[in-house]
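Right, one structure below, let's go through it.
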Amino acid sequence: MTAIKQPMPPADLADAQRERTFDLFRSWGFLQANLDPLAMHVPPLPFPELDGLDGPAADEARRIYCGTVGVEFMHIPDREERRWIAERMESTVATPDRSRILDLLLRAELFEQSIQSRYLGTKRFSLEGITALIPFLDQVMKSAIDSGAEQAVLAMSHRGRLSVMVHIVGTSTADIFSKFEDVDPRSVLGGGDVKYHIGATGDYVAPDGRKLHVHLVSNPSHLEAVDPVAMGRTRAKQVRRGDAGPEQVFAVVIHGDAAFAGQGVWAETMNFAEVPGYSVGGSIHVIANNLIGFTTEPEEEHSSRFASSLARRNNIPIFHVNGEDPEAVVRVAQIALDYRYTFGRDIVVDILGYRRHGHSEVDDPTITQPLVYKRIKEHPPLWQLYANAIGMSHDAGALAKHVQEELNEAQKKGAAATKQPRMATLPEYWSKYTGGCYKKEYDVNTGVSAEELQRIAGVIGSAPNGFHVHAKVKKLLDQRREMGAGKRPIDYGMAEALAFGTLLASGTPVRLSGQDSRRGTFNQRHDVLIDTENGDEYLPLQHVSPDQARFEVYNSTLSEAGVMGFEYGYSRDFPETLTLWEAQFGDFANSAQIIIDQFIAAGEDKWNLLSGLVLLLPHGYEGQGPEHSSARIERYLQLAARDNMQICQPSNAAQYFHLLRRQIIRPWRKPLVVFTPKSMLRNSDAASPLADFSAPRFLNVLPDRQVENASRVLLCSGKIGHELREERKRRKDTLTAIVFLEQMYPFPEAELQAEFDRHQNAREIVWVQEEPANMGALWFVMPRLRRLAKGRPARSIKRSGSASPATGSAKAHELEQKTLLALAFA
């Protein structure tokens with residue numbers, strides 16, 4: 001029997017029709033919103049599903065969703081989130097503090113104009129055209145205090161940065177002017193950075209006097225490169241605070257429209273949002289949308305209608321707001337902050353404005369955008385428009401005069417300064433660490449007693465009763481217990497685990513991440529055991545002692561620049577942690593070259609910021625082709641100067657153990673680049689006896705104790721040295737010494753000289769490397785080698801120069817390697 005559908009009562013029918021109408025506008029209203037202040041690039045889009053709707057419900061929905069705020073949120077799968085946003089959009093809008101909004105707009109505009117008039121022809125990357133960003137941030141910071149926040153991490157590129165420093169971070173205006181005056185230039189000879197890249201710390205002060213500490217992260221001119229760094233710093237600050245961390249520390253990242261749409265590192269970073277080990281409990285992302293990128297117009301920047309479309313993949317809300325409706329901007333700021341604290345997820349706010357001047361103030365934009373800039377020239381500043389709209393023109397005029405007097409006084413004070421101002425103050429947890437050039441007093445003992453090593457080896461080599469370990473992994477655990485008992489030599493995987501375990505037991509946290517790092521690319525690590533029957537996980541290194549430090553190991557997303565930047569950021573705010581990033585193969589770090597060049601290598605010189613980040617880069621020629629051989633030693637050595645980082649290639653397991661421990665135990669905080677092995681992981685010649693782990697320290701130069709007063713000295717680093725030893729043994733050569741250069745930078749001149757002096761009768765000293773002549777450490781080592789040789793011949797053995805790091809043929813590789821070894825002993 002067919003059921004007869006009862007007709008809906010008139011009231012219910014009207015409600016249902018109203019809901020359907022609203023749903024259409026909730027879904028598509030943003031396409032018809034009034035978002036572009038100049039009405040030149042993002043006009044309301046004709047949309048048939050909406051154009052034909054009329055009546056009270058349509059009129060109301062159109063007012064809400066097609067005004068100066070457009071919101072994309074119906075793609076979010078979570079019904080509760082959609083309902084929450086709809087309720088916030090459709091609720092009554094309270095009148096904001098208009099006098100405060102006007103004050104902030106006016107101060108931001110006059111600050112920019114004051115710099116323009118006083119320092120004509122100097123770059124500053126003005127905020128003018130999107131000054132609503134300042135009241136937006138003001139509302140976010142003020143409301144964050146209400147939500148329990150104590151600190152904000154702020155990241156942005158150069159546009160508007162100086163205004164944000166003054167009006168949000170709390171930087172002195174006089175200090176900004178002194179930067180333009182360029183006082184005390186000798187203090188930054190060979191270092192420092194331009195004023196719109198340096199970081200700043202300070203306190204945002206709410207109208208009622210409450211404060212929120214703000215950290216504006218230093219950044220290079222690589223736009224979005226700062227994003228993962230800021231996320232890593234936020235995560236570290238949160239972890240320091242325990243369970244309350246995500247409520248007490250939050251991140252705001254400000255993007256340009258062209259960069260948000262075009263920069264790959266931002267796509268990598270956005271993917272971290274809800275990934276374990278990288279999440280920060282939601283971030284507020286703001287696009288300071290000038291609707292132009294240098295000289296490039298929006299239709300040339302991205303294929304979608306909005307620069308923000310990339311964010312839709314994360315199923316998060318995207319608000320578009322007309323930058324010349326400051327009250328709407330402030331309202332959206334409140335919604336964004338509340339959403340972050342309610343759902344713990346990211347949110348994007350796209351503030352659309354314009355750019356009053358060129359890309360920089362020395363650029364003439366009328367050459368490429370004559371019509372746009374003709375309109376901009378005739379367009380009043382936002383503070384004047386807003387003052388007129390709210391009937392406060394007279395008050396605004398008086399305030400402008402007062403602010404201008406303040407700026408005049410600040411300029412005089414800045415010009416009178418005799419020293420470069422410091423914009424940032426380091427947290428207390430950096431007080432016990434130092435940078436600068438290396439001093440002998442920084443040396444520490446890294447050895448560990450055999451008893452402690454055996455105890456920790458027992459933990460590392462065990463799983464709980466009833467835990468079903470894979471047969472291959474069980475064999476590895478059995479071997480590790482034997483290694484700890486001194487019954488077999490210790491390999492690299494166990495050496496690393498012992499380094500981690502001993503540090504954890506003594507209170508030093510360890511964080512390791514990389515692609516497949518939990519197991520290890522070469523099946524060598526197994527920091528995480530997986531039950532073969534139920535999939536449960538067990539991390540032995542989390543159980544080395546009852547009061548041990550925190551141990552984390554993560555398989556990262558398939559990203560290099562993003563993850564390395566994140567870990568660099570983490571190391572910046574957790575210097576007590578041994579923080580390591582591992583490349584799947586060493587040359588994969590090529591994808592993170594900006595992070596290496598701009599942060600890791602130059603961060604101390606540019607911003608006086610230290611980091612102890614460790615890069616683990618598998619390196620070694622095993623016939624696996626161009627992309628799996630060289631970690632590009634030459635690139636790191638080229639970046640090395642003024643003791644800015646350490647570049648090492650430990651040739652045996654004990655050396656690796658001591659190197660890792662040295663990195664965190666001594667107070668000298670420098671990035672460490674480690675060229676780690678592949679085939680050497682299981683090479684018996686590279687394994688070490690238990691006694692070597694109780695030795696006092698890492699040796700920068702590993703002497704050859706098998707040969708005294710040799711007739712020839714071969715100097716090398718890494719895997720090739722073990723092959724040279726095998727070749728020497730095969731030849732029954734007793735007169736050739738093989739010396740390992742374990743630390744390439746800072747170059748261990750004294751230790752190397754002492755080893756050469758042991759072999760007074762050596763007729764020549766030869767540098768041997770696997771890499772082609774135009775790669776590897778050859779160019780770096782040879783001038784130093786000739787100086788240390790003291791008149792003795794110094795020559796080199798290497799592959800012929802090549803555009804590619806290695807051959808793609810395994811047989812060709814084997815032939816090359818045999819030739820290399822033969823030439824070394826010729």
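If you plug the beta carbon distance of SER506 and PHE294 into 1/(1 + (r/R0)^6) with R0 = 41 Å, you get a FRET efficiency near 0.20. Rounded to the nearest 20, the Cβ-based charge dipole of the chain about its Cα centre (Lys and Arg +1, Asp and Glu -1) stands at 3300 debye. Note on the stretch 242-272 and the stretch 729-745: Cα centroid distance 49 Å, given to the nearest whole angstrom.
Sorting the segments 296-302, 312-318 by their residues' average number of neighbouring beta-carbon atoms within 10 angstrom, most packed first, yields 312-318, 296-302.
One Cα centroid belongs to the stretch 70-148, the other to the stretch 348-406; the line between them spans 15 Å. Across the stretch 447-569, the relative contact order, built from alpha-carbon pairs under 8 Å that are at least six residues apart, equals 28 percent. Taking LYS719, LYS439 and ordering them by how much accessible surface each has at a 1.4 Å probe, largest first, produces LYS439, LYS719. Here the label points at ALA14 and SER91, each 7 Å from Cα along the C-beta direction, are separated by 2.6 nm in the simple model. Applying both filters, DSSP loop and at most 14 other Cβ atoms within 10 Å, to the trypsin sites (Lys or Arg not before Pro) of the stretch 629-717 gives ARG642, ARG705. Rounded to the nearest 0.05, the FRET efficiency derived from the C-beta distance between ARG79 and LEU558 at R0 = 30 Å is 0.45. Each residue of the stretch 254-261 is assigned a 3J(HN,Hα), and the resulting list reads 9, 10, x, 5, 5, 6, 4, 6 Hz, derived from the Karplus form 6.51 cos²θ - 1.76 cosθ + 1.60 (θ = phi - 60°), x at Gly and Pro.
Label-to-label distance for LYS374 and ALA691 is 8.8 nm, based on points extended 7 Å past Cα in the beta-carbon direction.
Remark on MET156: its backbone amide H falls under 5 Å from those of VAL217, ILE254, a criterion applied only to residues 5 or more positions apart or on other chains, H modelled at 1.01 Å from N. Approximating the spin labels as points 7 Å out from Cα along Cα→Cβ, the ASN761-to-CYS437 distance works out to 3.9 nm. Multiplying the residue separation of THR532 and ASP395 by 0.36 nm and removing their Cα-Cα distance gives an extension gain of 42.0 nm.
Computed 3J(HN,Hα) for the stretch 802-808, one whole-Hz value per residue from the Karplus formula 6.51 cos²θ - 1.76 cosθ + 1.60 where θ = phi - 60°, is 8, 7, 10, x, 7, 6, x, glycine and proline marked x. Across the stretch 139-183, the residues whose backbone nitrogen lies under 20 Å from the label position 7 Å along the beta-carbon direction of THR418 are 174-183.
In the chain, the DSSP beta bridges split such that about 20 percent are antiparallel, to the nearest 5.
Reported to the nearest whole Å, the Cα centre-to-centre distance from the stretch 201-240 to the stretch 786-826 is 49. Relative to the current alpha-carbon distance between SER303 and MET782, full extension at 0.36 nm per residue lengthens the span by 167.3 nm. When the chain is described by a simple charge dipole with +1 on each Lys and Arg Cβ and -1 on each Asp and Glu Cβ, the residue from LEU106, TRP266, THR508 located farthest towards its positive end is THR508. Shape analysis of the stretch 331-376 based on the Cα gyration tensor places the equivalent ellipsoid semi-axes at 36, 11, 8 Å, largest first. Ordering 340-348, 29-37, 563-571, 372-380 by mean Cβ neighbour count within 10 Å, with the highest value first, yields 563-571, 29-37, 340-348, 372-380.
Given a Förster radius of 35 Å and the C-beta distance between ALA244 and GLN593 as r, what FRET efficiency does 1/(1 + (r/R0)^6) yield to the nearest 0.05? With R0 = 35 Å, the Cβ-Cβ based efficiency is 0.40.
Contact order, relative form, for the chain: 11 percent (alpha carbon pairs under 8 Å, 6 or more residues apart, mean separation divided by residue count). Couplings 3J(HN,Hα) for the stretch 669-678, derived from phi with the Karplus relation 6.51 cos²θ - 1.76 cosθ + 1.60 (θ = phi - 60°), are 9, 9, x, 10, 9, 10, 8, 8, x, 10 Hz, where x marks Gly and Pro. A dipole drawn for the chain from +1 and -1 charges on Cβ atoms has a positive end, and of ALA654, GLY282, SER809 the residue lying farthest that way is ALA654.
Taking a point 7 Å from the Cα of ALA206 along the Cα-to-Cβ direction, the residues of the stretch 337-351 with backbone N closer than 19 Å to it are 337-343.
Close amide-amide hydrogen proximity is noted between ILE738 and LEU714, each under 5 Å apart and 5 or more residues distant or on a separate chain (H modeled in the peptide plane; Pro and chain starts excluded). Computed over the stretch 691-786, the convex hull of the alpha-carbon atoms projects to a mean area of 6.8 nm². Taking amide hydrogens as placed 1.01 Å from N in the peptide plane, the amide H of LEU512 sits under 5 Å from those of GLU552, VAL553, TYR554, LEU580, each at least 5 positions away in sequence or on another chain. Ligands, DNA and RNA left out, the accessible area of the stretch 652-771 computed with a 1.4 Å probe is 49% carbon and sulfur. Ranking of ARG240, ARG792 by solvent-accessible surface, largest first: ARG240, ARG792 (1.4 Å probe, protein heavy atoms only, all chains present).
The values are calculated or read from the model by the stated rules, or taken from the named source; none is laboratory data. Here the structure is a predicted model, which means the values were calculated and not measured. All Cβ positions, glycine included, derive from the backbone under ideal geometry; neighbour counts span all protein chains shown. In case anyone asks, the SASA skips ligands and DNA or RNA and just uses the protein heavy atoms, side chains included. Shrake-Rupley method; radii C 1.70, N 1.55, O 1.52, S 1.80 Å.
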